[in-house]
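Each remark here refers to the structure printed beneath this line.
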Amino acid sequence: MSLPHAILTALLERPSSGLELTRRFDKSIGYFWSATHQQIYRELGRLEADGLIRALPAEQPVRGQKKSYEVLPAGRAELARWTAASQDPKPLRDALLLRLRAAAVVGTEGIEADLRRHLQLHERQLAEYEEIEQRDFPPGKDSPQDRLQHLILRAGIDLETFWTQWLRHALAEFAELPGHEPT
């Protein structure tokens, strides 16, 4: 149920067209709540039908003009209700961890190489987050909105740091397995 809330958040930050919204998702919210362009457009239609957003009137009627959307009071109220509600943490479901567990009983063929690939992916993501932090959150940028957005980015940095450390540890464990031949 969170995609509509992600869209409401983005539209409250800045009214946008569907295309602008998908681009903003790709550059920010999509780092922690991904959605395809089709999902975003479909959800915009639902939110409009539910009376939570509306298309802004066009300045000039132009065929094929993109619609921009804004949040209506009912949409703001729904987002405030959802934000205030408590939610339990979601259990971790990670295919790599399950594959590692399976490797303990069927053999480790291919797993070490994939651990190395995952390490590279997480190192790249960590570097990207750290670059965003340097660029977007210099010292002294501390409005409440900036502080909360930086807190979200720090969660991403901390998660990627965890994964890179854990993957290095896992690869060190592989190196110590009896009969191990590096891949």
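The values are calculated or read from the model by the stated rules, or taken from the named source; none is laboratory data. Keep in mind that what you see is a predicted model, and the values were worked out from it rather than measured. A quick note on method: Cβ atoms are made from the backbone with ideal geometry, for glycine too, and the neighbour counts reach across all protein chains shown. The accessibility values were calculated without ligands, DNA or RNA, using every heavy atom of the protein model including side chains. Shrake-Rupley method; radii C 1.70, N 1.55, O 1.52, S 1.80 Å.
When both segment 7-80 and segment 135-183 are represented by their alpha-carbon centers, they are found 31 Å apart. With all protein chains in place and a 1.4 Å probe, the accessible surface of the chain carries 54 percent carbon and sulfur.
What shape does segment 72-146 have by the C-alpha gyration tensor, where a ≥ b ≥ c are the square roots of the eigenvalues, rounded means a/c under 1.5, and otherwise prolate means a/b greater than b/c and oblate the rest? Note, shape of segment 72-146 comes out oblate. Placing R0 at 30 angstrom, the Cβ-Cβ distance between residue 58 and residue 5 gives a FRET efficiency of 0.65 after rounding to 0.05. Relative contact order of the chain, taken over Cα pairs closer than 8 Å and 6 or more residues apart, is 19 percent. Here the relative contact order of segment 1-98, from alpha carbon pairs under 8 Å that lie six or more residues apart, stands at 33 percent. Ranking 5, 150 by solvent-accessible area of protein heavy atoms (1.4 Å probe, all protein chains present), from largest to smallest, gives 150, 5. Rolling a 1.4 Å probe over the heavy atoms of the protein chains gives segment 1-127 an accessible area of 69 Å² per residue.
Straight Cα distances below 30 angstrom link residue 141 to the lysines 27, with same-chain residues fewer than 8 positions distant left out. Figure note: 34, 17, 86 ranked by solvent-accessible area, largest first, 1.4 Å probe, ligands and nucleic acids not counted: 86, 34, 17. Using a simple spin-label model with pseudo-atoms 7 Å out from Cα toward Cβ, residue 105 and residue 173 lie 1.7 nm apart. When the Cα gyration tensor is reduced to axis lengths a ≥ b ≥ c, the ratio a/c is 1.5 or higher for segment 1-108, and with a/b above b/c it is classed as prolate.
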